[in-house]
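Readers should treat all values here as calculations from the given coordinates under stated rules, not as data from a laboratory. Computed from a predicted model, the values in this text were never measured in an experiment. Methodologically, a virtual Cβ is constructed for each residue, glycine included, from the backbone with ideal geometry; neighbour enumeration extends over all protein chains shown.
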Amino acid sequence: MSLSFQIDDMTIHRIIEQQSPLAPLTSMLPGLTPEVLAENRGWLQPWALDAEDRAILAIQSYVVRTPHHTILIDSCIGNDKDRATRPAWHQKNDTVWMDALAAAGVSVEQIDFVMCTHLHVDHVGWNTKLLDGRWVPTFPNARYIFGALEYAHWEGLHAKEASAIFADSVLPVVEAQRADLVSNDFQIGGHLRLLPTPGHTPGHFAVLLGRTGRDAVVTGDLIHSPIQARYPELSIAFDTDMAQAAVTRRAFLDGICETDTLCCTIHFPSPSMGRIKRWGEGFRCEMVGG
């Protein structure tokens, strides 16, 4: 299985932290009926659905290397974090993610930018590390890029009810003056720009890659399971706005289908990357690099 993909003068690396069944697919996608699941079980198993109908998801980051910058997109779960409601994430203490980063030939010191498509728990974890009892930025030379709208949303919620995730993986970066709160027109050189994709969270964005602006795209959480490509109106239970997420997802898929844009999903199981094609009234992701 290939974990890297070369496009023009840019290399995209997958940095996998976990890949395993998470929860029953019908509980994750409330609109998914048993009948529709049965119709699609044949192509979903065993790739994206286990024998107990649980969704198999990857938790991963992407590292993008351009001629001028090394950019980390989403930072997964992290170590030493209190995540009591998620046993597989709680007080985790392993080297899997760091080993995968090293295998890609990248050190923490080489990361120039850390971008978070949104500020959910499994996208911000390695932003910080525990050092002498304090949370400090993991990447000593990086600027951390947070969407201003996204940050304002979670900052407001944190002010009303303290969030451990915000407190241990976001605020320490801001307090260390390493964060840039950006608008949707933010770019890095000629190789990276933002695509607003609201719904999963209010300020969620995808990341467009390449000099053309459409060589590749990192989806963030605008889509979690391949069945959502076939049925874009199936929104996941933990979308902030499920209706908006469905509209965003269909527009996104319609916009890149039948193009050469490499779709780099965060949560599809390996090989995770593919190109979008039409499938009836919906779409499918033809995977590459498997």
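What the table shows:
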quantity: Candidates H267, H200, H90, ranked by Gaussian network fluctuation over the chain, Cα under 10 Å, top entry; calculated: H90
quantity: Backbone HN-Hα couplings from phi across segment 242-251 [Karplus 6.51/-1.76/1.60, Hz, Gly and Pro as x]; calculated: 5, 5, 5, 4, 5, 4, 4, 5, 5, 5
quantity: Neighbour cut-off at most 13 other Cβ (10 Å), DSSP loop, GluC sites (Glu not before Pro), segment 104-162; calculated: E161
quantity: From phi via Karplus (6.51, -1.76, 1.60), per-residue ³J(HN,Hα) for segment 143-154 in Hz, x at Gly/Pro; calculated: 8, 9, 9, 10, x, 4, 5, 5, 4, 4, 4, 6
quantity: Magnitude of the charge dipole, the chain, Cβ model with Lys/Arg +1 and Asp/Glu -1, debye to 20; calculated: 260 debye
quantity: Which labelled figure in [x] 1.07; [y] 0.94; [z] 0.98 is Rg/Rh (Cα atoms, Kirkwood Rh), once derived from the coordinates; calculated: [y]
quantity: Low-density loop positions, GluC sites (Glu not before Pro), segment 34-66 - DSSP coil, at most 12 other Cβ in 10 Å; calculated: E52
quantity: Amide proton proximity set for T128, modelled H, under 5 Å, gap of 5+; calculated: T138
quantity: Equivalent ellipsoid, segment 66-132 (semi-axes from 5 times Cα gyration tensor eigenvalues, Å); calculated: 23, 14, 10
quantity: Placed amide H near L57: partners under 5 Å, 5+ positions off or other chain; calculated: S20, L22
quantity: Within the chain, helix-based [θ] at 222 nm, where runs of 4 or more DSSP H residues each add -39,500 (n - 2.57), nearest 500; calculated: -6000 deg cm²/dmol
quantity: Percent RCO, i.e. relative contact order, over segment 4-288, from Cα pairs under 8 Å lying at least 6 residues apart; calculated: 16 percent
quantity: Taking only Cα atoms of segment 152-261, radius of gyration then Dmax in Å; calculated: 15.7, 45
quantity: Estimated vicinal HN-Hα couplings, Hz - segment 165-173 in sequence order (Karplus 6.51, -1.76, 1.60; Gly, Pro = x); calculated: 5, 5, 6, 9, 10, 10, 4, x, 5
quantity: Isotropically averaged projected area of segment 107-147, using the convex hull of Cα atoms (one quarter of hull area), nm²; calculated: 3.1 nm²
quantity: Charge sum, other residues only, whose C-beta stays under 12 Å from H204's C-beta, Lys/Arg counted +1 and Asp/Glu -1; calculated: -4
quantity: 28 Å Cα cut-off, lysine pairs counted over the chain (separation 8 or more, or different chains); calculated: 6
